[in-house]
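Below you'll find the structure, written out as C-alpha cells, and then a few comments.
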Amino acid sequence: MKKITVKIIRKGNARDLPIPFYATVGSSGVDLYADVEGEVTISSGEVKLISCGIYIEMPEGYEAQIRPRSGLALKHGISLVNTPGTIDSDYRGLINLIMINMGKEDFVIKRGHRVAQMVIKEVTRADFVEVDTICETERACGGFGHTGI
C-alpha cells in the first residue's frame, strides 16, 4: 500500500476537532468533522455550507475526493450536492461541504459530528488531441438505459 504525506492545519477555533485518521486497517477514507458553533439544523430539502475546520496541502499528482457517509445517507437522507467533491493539489482554502437534506425530517449537525469522508486518489492527466473521426464500437451512441433494465 502506497503512503503519502498530506499536510494539515486546523482553523484556530477548530483545534478541539480530531485530525482525520483511518478508523480501521481496511479503511479507504477518513472522516471529516463538522466545525459548527453548537449545532446547525438542515431542514428537509435545504442545502447548507458546513465547515470542516481544516486546510490541507495535497502533494502534486493527488486529489482528495469528498464523499457522503453512507449511514447518514441511508438513515437521514443526508448527502453532498457535489459528490464526489474534489480538492485539487493546488487548493489551499478551508474545506467546506455543500450538504443537502433529502430526508423527510430536519437534521441537526452538532459540533464534531462525522459528516463526510475524504479519500485520497492519484490523478492521471490526459492530453486532448482534436481529430476528424473516432473509432466505431458496438454500443456507438447508445446512451442512458440503452441496454434496458
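Which lysines does Lys2 reach when only Cα atoms under 29 Å apart count, and residues fewer than 8 places away in its own chain are ignored? Excluding near neighbours in sequence, the set is Lys11, Lys121.
Remark: for residue pairs Lys75/Lys104; Lys3/Lys110; Lys48/Lys110; Lys7/Lys110; Lys48/Lys75, the C-alpha separation exceeds 22 Å in Lys3/Lys110; Lys7/Lys110.
A Cβ-based charge dipole, computed about the Cα centre of the stretch 11-122 with Lys and Arg at +1 and Asp and Glu at -1, lands at about 340 debye. The structure-derived value of semi-axes √(5λ) of the Cα gyration tensor in Å appears in the list (i) 25, 16, 14; (ii) 28, 17, 14; (iii) 32, 23, 14 under the label (iii). Based on the alpha-carbon gyration tensor of the stretch 104-149 and its eigenvalue square roots a ≥ b ≥ c, which shape applies: rounded if a/c is under 1.5, prolate if not and a/b is larger than b/c, or oblate? Verdict is oblate for the stretch 104-149.
Go through Gly45, Val119, Ile8 and say which Cα lies farthest out towards the positive end of the charge dipole of the chain; charges sit on Cβ, +1 for Lys and Arg, -1 for Asp and Glu. Working it through, the farthest residue towards the positive pole turns out to be Ile8.
As a length-normalised measure over Cα pairs under 8 Å and 6 or more apart, the relative contact order of the stretch 36-139 settles at 40 percent.
Bear in mind these aren't lab numbers, they're just calculated from the coordinates by the rules spelled out. Note that the coordinates shown come from a computational prediction; the quantities given were computed from them, not determined experimentally. For neighbour counting, all protein chains shown are included, and Cβ atoms are generated from backbone atoms with ideal geometry for every residue, glycine included.
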